[in-house]
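Below: one structure, written as structure tokens.
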Amino acid sequence: MPPPRDASTVIIARDGAGGIEVYVLRRSSRSPAVPDAYVFPGGTLDNSDKSPQARMRLAGQWRPDEPAFTYAAIRETFEECGLLFSVEAVPLDALRAARTKLLAHERSFSETLVDLDVRLDARAVHYFSRWITPP
């Protein structure tokens, strides 16, 4: 059995007029894994999530022993749905343009943060638990 891969998943929730609202994404029908399923944003940690540059962009920490999980959670959320947990406000047109370049592999997430001149608000992300998918 392969060893577990480190990953972060984000449950985005807010108090709505009718109660708690939860944001989910629908996977493509062409996805090789679980097509058409509704999922939360998230994915596997990249080596860049563990870099000193990543730590420098975090304001606050989720798991002081491993901030890479916080960074990865915020990165994956931005990549998958365009929501960026940043300390600084970013105009919507600049955010969309930056995400377009990121998804086209013209800029890395780290470069995108430099371009936008933002720090990631790790205080907006709260650790819930650690799960390992059974075999």
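Can you find, within the stretch 10-43, the residue that is farthest from the chain's Cα centre (by Cα) among those that are of a type in the set (Val, Ile, Thr) and modelled with pLDDT of 90 or more? Walk me through it before giving the result.
Let us first name the residues in the stretch 10-43 that are of a type in the set (Val, Ile, Thr), namely 10-12, 20, 22, 24, 34, 39.
From what is left, the residues that are modelled with pLDDT of 90 or more are 10-12, 20, 22, 24, 39.
Working: Val10: 7, Ile11: 10, Ile12: 10, Ile20: 21, Val22: 16, Val24: 13, Val39: 13 Å.
Once the filter is applied, the top-ranked residue is Ile20.
Look at Thr100 and say whether it is in contact (Cβ under 8 Å) with a residue 24 or more places away in the chain and of a type in the set (Val, Ile, Thr).
On the way: in contact (Cβ under 8 Å) with a residue 24 or more places away in the chain: no; of a type in the set (Val, Ile, Thr): yes.
It is false that Thr100 is in contact (Cβ under 8 Å) with a residue 24 or more places away in the chain and of a type in the set (Val, Ile, Thr).
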Across the stretch 113-125, what is the total count of residues that are open to solvent by 80 Å² or more (accessible area, probe 1.4 Å) and over 14 Å from the mean Cα position of the chain (by Cα)? 3
Is the stretch 44-51 home to any residue that is more than 22 Å from Asp6 (Cβ to Cβ) and of a type outside the set (Lys, Arg)? no
Can you pull out every residue in the stretch 58-109 that is touching a Pro at 6+ places or on another chain (Cβ under 6 Å) and over 16 Å from Tyr127 (Cα atoms)? Glu80, Cys81
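Of the residues that sit in the stretch 1-24 and are in a strand (DSSP E or B) and free of Cβ contacts under 8 Å to residues at least 12 places away in the same chain, which one is surrounded by the fewest Cβ atoms within 10 Å (Cβ to Cβ)?
Step one: filter the stretch 1-24 for residues in a strand (DSSP E or B), giving 7-9, 12-16, 19-23.
Of the ones still in play, those that are also free of Cβ contacts under 8 Å to residues at least 12 places away in the same chain are 13-16, 19-22.
Details: Ala13: 11, Arg14: 8, Asp15: 8, Gly16: 9, Gly19: 6, Ile20: 8, Glu21: 11, Val22: 10.
Only one residue fits best here, namely Gly19.
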Identify the single condition in (1) closer than 24 Å to Ile11 by Cβ; (2) of a type in the set (Ser, Thr, Tyr); (3) open to solvent by less than 90 Å² (accessible area, probe 1.4 Å) that Ser110 does not satisfy, given that it satisfies every other one. (1)
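The values are calculated or read from the model by the stated rules, or taken from the named source; none is laboratory data. It should be emphasised that the depicted structure is a prediction, and the values quoted were computed from it without experimental measurement. Positions of Cβ are generated from backbone atoms using ideal geometry, with glycine treated the same way; all protein chains shown enter the neighbour counts. These accessible areas exclude ligands, DNA and RNA; they are computed on the full protein's heavy atoms, side chains included. Shrake-Rupley method; radii C 1.70, N 1.55, O 1.52, S 1.80 Å.
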